[in-house]
1. Give me the net charge for the shell around residue 284: Cβ to Cβ below 12 angstrom, other residues only, Lys and Arg +1, Asp and Glu -1.
2. Pick out, from 564, 483, 162, the residue whose Cα sits farthest towards the positive end of the charge dipole of the chain, with +1 on the Cβ of Lys and Arg and -1 on the Cβ of Asp and Glu.
3. Debye sum, Cα scatterers, segment 458-507, no solvent: what log₁₀ I/I(0) at q = 0.15, 0.22, 0.28 1/Å?
4. Leaving out ligands and nucleic acids, and using a 1.4 Å probe, what accessible area per residue does the chain come to in Å²?
5. Rank 583, 487 by accessible area, highest first, at a 1.4 Å probe radius?
6. How big is the gap, in Å, between the Cα center of segment 149-200 and the Cα center of segment 386-418?
7. Where does the charge balance sit around residue 337 when Lys and Arg score +1, Asp and Glu -1, over other residues with C-beta under 12 Å from its C-beta?
8. Restricting to Cα atoms and excluding each atom paired with itself, what does the Kirkwood estimate give for segment 359-493 in Å?
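The values are calculated or read from the model by the stated rules, or taken from the named source; none is laboratory data. What you see is a predicted model, and the numbers here were worked out from it, not measured in a lab. Because the Cβ atoms are built from the backbone with ideal geometry, glycine has one as well, and the counts that use them run over all protein chains shown. Surface areas here come from the heavy atoms of the whole protein model, side chains and all, with no ligands, DNA or RNA. Shrake-Rupley method; radii C 1.70, N 1.55, O 1.52, S 1.80 Å.
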Amino acid sequence: MVSAASLWGQAAPAEKQSAPAQLPAKQTKEAPNPRLDWWRQARFGMFIHWGLYAIPAGEWKGKPIAGIGEWIMNRAKIPVTEYEQLAKQFNPTKFSADQWVSIAKNAGMKYIVITSKHHDGFAMYGSKVSPYNVVDATPFHRDPMKELAAACKKQGLKLAFYYSQSQDWHEPDAIGNDWDFPDESKKDFSRYFEQKAKPQVKELLTNYGALGSIWFDTPRSISKQQSEELLAMVHQYQPTALVSGRVGNNAGDYETVGDNQVAVGPMKRDWEAISTTNDTWGYKKDDNNWKPTSVLIRQMAHAAGHNGNYLLNVGPTAEGVIPPPAVQALNEMGQWIKVNGDALYGTSGGPFNYDQSWGVISARPGKLYLHVFAWPQKELTLYGLKNKVQSAYLLAGNKKLKFNQSMDKNVDTNVLRVSLPAAAPDKNDSVVVLNIAGEPDVDSSLIQQPSGAVDLNAYLGNIHKADKDSALRMDTRGVAEHWTNKEDWLDWNFKLVQPGTFDVVLVTSGQKNNHNWEGGHQVGIEVAGQKIAGTVNNDGEENDPVKPYWNYWNYVVSKLGRVTVEKAGAYQLSLKPDSIVSEQKLGLTLVEVKLVPVQK
Ligand code: FHN
C-alpha cells in the first residue's frame with residue numbers, strides 16, 4: 001500500500017487564488033472538405049473483418065493460437081502453401097448481403113467498411129490481378145463485395161473497402177511474411193506495390209459503383225510518394241470517396257486513431273474510433289469477451305462528443321454468419337439511436353475540453369446534447385456554461401425540464417442546474433437537450449465535477465520535460481506513455497467548488513488485452529500546500545462506467561494518500577516521480593490523478 005507524508009488530513013491553507021490557466025481551445029474545425037460531409041453526418045459505421053481466417057477461427061492443428069483471429073497465418077507462421085488450402089474450404093452458404101446490411105441499418109449504422117483484402121493477401125472479391133481470390137479460388141464462386149454493393153445501394157448505406165496496402169503475407173515482395181520469405185535483400189516492395197496493390201485498388205474503385213472510402217491499414221514503411229499515389233488514385237477514380245488516415249504519411253482525409261482507443265480531449269482533425277465487439281477483429285470461436293451494450297453506446301457517444309465517428313467491428317463466421325451476441329448488441333444500439341439519434345447524427349464535439357462526471361456532450365448549432373450515463377438524484381449540474389439556456393428537455397419523449405442558472409462567486413463560475421425525473425429514461429445514456437442562445441461559450445478552466453471528484457486527466461496537464469527530446473507523450477486515449485524519465489513531471493490548475501477531504505488516486509494503464517502493466521514507481525504529489533508520496537501499486541481495477549474504458553486495456557488504481565482542502569478556489573496539483581520502473585519499457589502510463597471525496 002501507500003505511504004503518505006506528514007501533512008495527511010491536516011487542514012490546508014488556501015493556495016494563492018490565481019486564475020487557473022485556460023485549457024487549450026476545444027477541437028479546431030478543419031478547412032472544409034466536402035468529401036467529409038456525409039461522413040460527419042453518419043457518425044456510426046460497421047467494420048467487417050471477413051476472410052479465410054474465419055475457417056481456423058483461432059485454432060491451428062488443434063492448438064489455440066493467441067492474439068487476434070485474422071493474424072493466425074502470421075502468429076502460427078503458416079506457410080503460404082498450407083494457408084492457401086483454406087480457400088478450397090471457403091463456402092459461406094449462410095452469407096446474405098441483404099441480411100448483413102439490414103443488421104447494420106437496424107443498428108443505425110450509415111456505412112460499412114469490409115476487408116476486400118487483409119494482410120493474408122486473399123482478395124475477398126473477384127480480382128483479375130490475382131487468382132488468389134474468393135471467386136476463382138473457392139467453391140463459393142460468388143463475389144460477396146458485388147452483393148454487398150448492391151445491398152448497400154438498395155438499403156441506402158455507403159460501402160467502403162478495407163485494403164491492406166503494405167502487408168501481404170502471400171507475396172514474396174510485400175511486407176510481413178518473414179517465415180516463407182526471410183531474405184529481405186530479395187524483396188522489391190515497389191514490384192508488389194505496382195503489380196498487385198495499385199491494380200487491385202483500381203479494380204475496387206472501378207467495379208463496385210460509388211464507394212464511401214478506401215480504408216487502408218498498416219502503412220508500415222510505405223513511402224510518402226506511395227501513400228500520395230494511393231490517395232490520388234482514389235480521388236481520381238472516385239472524386240467523392242474518402243481515404244483513411246492509415247494510408248500513411250499523413251496523407252488521408254481524416255485521422256484513424258489506434259485500435260480500440262476512444263480519443264479524449266481536443267482532437268485537431270476529423271477522426272474515427274475503431275472498436276471491436278469482443279477482442280478480435282476476424283472471427284475467433286473462443287473469444288466470448290463481448291463488450292456490454294452499455295460500453296458500446298457510451299464509446300459511440302464519447303466519439304461523437306469529441307467530434308469523431310465510431311466504426312464498430314463484427315467478425316462473421318466462415319459460413320457467413322455475424323455472431324449472435326454482436327447482432328444482439330447492435331440491435332440494442334439501434335433501439336437507443338431510434339430515440340436519441342439527434343444527439344449523434346451530424347453532431348460535433350461538445351464545447352468543453354474535459355468530460356463530465358455524469359457523461360459527455362455533443363453539439364449542433366443552438367443545441368447541446370448532454371449524454372447522461374450516470375443518472376444523478378434529482379438534479380444535473382453543469383459548471384462553466386456561459387450561454388443563456390432557453391429551454392431544456394429530455395430527448396426521450398421531448399419532456400420539458402425545469403432549470404436554473406446562477407453564478408458561484410467562490411470560483412467565479414456559471415452553474416446550470418437541471419431538475420430531473422427520478423428514473424433515467426435509458427439505463428445506458430439518457431440525453432438532456434439544452435437550447436442555447438448563440439455559439440457555445442464556456443469557461444474552459446478545469447473544475448471539480450458535480451460528483452465532488454476532481455479528474456486531472458493526463459492529457460489536460462501541463463507537461464514539464466527535463467529534456468525536450470524526452471519520449472513522454474499522450475496516446476490517442478489521452479494517456480501519458482513512454483514516461484520513463486523521472487525528471488519529467490506534470491501539473492494541473494483547477495477550480496475547487498466543494499472543499500473537503502479527498503483520497504488521492506492515480507489511475508495508470510496497461511497494454512491492450514491486459515498483457516502488461518508496470519508499477520512500483522515512486523511519486524510525489526503536491527496540492528494546496530500538502531505533499532504526499534507513495535508507490536504506484538496495483539490496488540485494483542478502475543471501474544468507472546462513465547469513462548470509455550473496457551478491459552481491452554486495463555486501468556489500474558493506485559491509492560496514494562489523503563489531502564484536505566478547506567476552501568473553495570483555484571489550486572494547482574503537481575505530480576513528480578522520484579523513480580520510474582521501466583524494465584518492461586512501459587514506465588509510468590498515467591491516465592489521470594483523481595481526488596475522490598471521502599464520504600463523511
Ligand atoms: O493489423 C490490423 C488488424 O488485423 C486489424 O485489421 C486492425 C483494425 O484496425 N488494423 C490492424 C492493426 O491496427
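1. Numbers: positive: 75, 285; negative: 59, 70, 279, 286, 287.
It works out to a net charge of -3.
2. Farthest towards the positive end: 564.
3. Result of the Debye calculation: -0.51, -0.89, -1.16.
4. Values: 23510 Å² over 600 residues.
Result: 39 Å² of accessible area for each residue.
5. On the way: 583 160, 487 100 Å².
From most accessible down to least: 583, 487.
6. After rounding, the separation between the Cα centres reads 53 Å.
7. Numbers: positive: 43, 105, 110, 338; negative: 332, 342, 426, 429.
Counting the neighbours of residue 337, the net charge comes to 0.
8. Hydrodynamic radius (Kirkwood, Cα pairs) of segment 359-493 is 17.1 Å.
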